[in-house]
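In what follows, a structure is listed as structure tokens, so that the remarks can point back to it.
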Amino acid sequence: MIEALLISVLIVTSVAVFLALLMVIADATIANYGDVNINVNDGSKDLTVKGGQPLLKALNSEGIFIPSACGGRGSCGLCKVQVVKGGGQLLPTELPWLSEEERKDNVRLSCQFKVKEDIEIKIPEELFLVKEFKTRVAAIRDLTYDIKEVTLELIDPPEINAAAGQFIQFQVPEYELTDEEVYRAYSMSSAPSDNKHVELEIRLVPNGICTTYVHKFLKEGDLVTINGPYGDFYLRDTQREIIFVAGGSGMAPIKAILLDMEEKKISRKIRYFFGARSTRDLFLVDEMKRLENALPDFTFIPALSAPEEGEAWNGETGLITEVMDRMLEHVEETEAYLCGSPGMIDACIKVLEDKGVPEERIFYDKFA
């Protein structure tokens, strides 16, 4: 009886999967939606694009760049666009990223939503200022065994106007891991004053399309296309004490903010908690020590969660959340800036809120 029921469930599931696959194939290869119209911001721009493609891709092809940390995989939730008219029903892949209020306002994930009919959309006006840049790789250096620092020299346009903490999108050309150009988001680690260069810290992710390309194929002198800047991860203009928290390549935007503070002689109390597994995962420690001397009230607090046996380590140990919990007291009037994996950030937010830091003073960039 149970065996027959399991077989029935398996058959029904298999048929459903097969039919869904057929629909995807038919939509990609058979359906012809022709040209469709995209009306942007009440007629500020009126675009005609090929129907059937994701809205994110359609807008990119017309020089309107929507931020997308995951490059259109539906795993970051950044590429939100309000669809005022047209668009059909929300897709299951969009639902986890949208609040109830956003659903009521017809907000969609532009990487998941395909343009199959004329639509009207609204996007933030500042996205019209985002530019595409042609760059050349000026330098590549190893920061750790799995993090490379990539310095790009801007060619056209020759300068970028960005705030410390913002990010760009890096275009990966076709190569063995992708049959089309894709974008991935990376925070800039360079000071905004050097507006002729963009410096990135890129950690190798197994089978990651962009990280594999950068670590195994990218060479000094290569041409790279980027677009940006994006993001609201920047230092707020207050006199509050600052708590920075990062792990791995989450160092990048915080380094940029610290360099900017040094140049502008901004004097605020700063504590920077940086989490790593072992000493081989630590980097730019000398630069942080230099900044401790350059900034009047800055303390760098690296912590190792799994120091290797025999390592000569006298600093903090444990998960970065455990270290924060031990060291933070009377921080109700602080503001916090976090950059790292979603799991790390969620855990850090909980510690900060438990310590009395209000949600509206916790700023973060989540990069999966």
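Every number here is computed from the coordinates shown, using simple stated rules; none is lab data. All values reported here derive from a predicted model rather than from experimental measurement. Neighbour counts run over all protein chains shown; Cβ positions are idealised from the backbone, glycine included.
Ranking Y183, G221, S193 by Cα position along the charge dipole of the range 130-230, where only Lys, Arg, Asp and Glu carry charges on their C-beta atoms, puts S193 farthest toward the positive end.
Three principal axis extents describe the C-alpha atoms of the range 35-126; from largest down they are 30, 27, 25 Å. Treating only the Cα positions of the range 109-162 as identical point scatterers, give the base-10 log of I(q)/I(0) from the Debye formula at each q in 0.22 Å⁻¹. Once normalised to I(0) and log-transformed, intensities are -0.91. Note on T299, T151, T135: ascending count of other Cβ atoms within 10 Å places them as T299, T151, T135, the fewest first.
Of the residues Y272, Y33, Y186, Y213, the one with the fewest other Cβ atoms within 10 Å heads the list, and the complete ranking is Y33, Y213, Y272, Y186. Only helices enter this figure: runs of n ≥ 4 DSSP H residues, each worth -39500 (n - 2.57), summed and divided by the residues of the chain, yield -8000 deg cm²/dmol at 222 nm to the nearest 500. Using only Cα atoms, tell me the angle between helix 2-29 and the longest principal axis of the chain; keep it within 0 to 90° and round to the nearest 10. Compared with the principal axis, the helix lies near 90 degrees. If both residues of a DSSP beta bridge must be in the chain, then about 60% of such bridges are antiparallel. The fewest-to-most ranking of R271, R103 by surrounding Cβ atoms within 10 Å reads R103, R271. Taking 31 Å as the cut-off for C-alpha to C-alpha distance, list the pairs among K80/K269; K289/K350; K131/K216; K45/K219; K134/K216 that go past it. Going by Cα-Cα distance, K80/K269; K45/K219 fall outside the 31 Å limit. For the range 242-366, the calculated P(r) over all alpha carbon pairs, in 5 Å bins from 0 to the bin holding the longest distance, is 2, 11, 23, 24, 21, 13, 5, 1, 0 percent.
Based on Cα contacts under 8 Å between residues 6+ apart, the range 100-199 shows a relative contact order of 21 percent. Charge dipole (Cα centre; +1 on Lys/Arg Cβ, -1 on Asp/Glu Cβ; no other charges) of the chain amounts to roughly 340 debye. Expressed as a whole percent, the proportion of Cα-Cα pairs in the range 211-306 lying more than 23 Å apart is 38%.
Take every Cα pair under 8 Å whose residues are at least 6 apart in sequence, average their separation, divide by the length of the chain, and the relative contact order is 13 percent.
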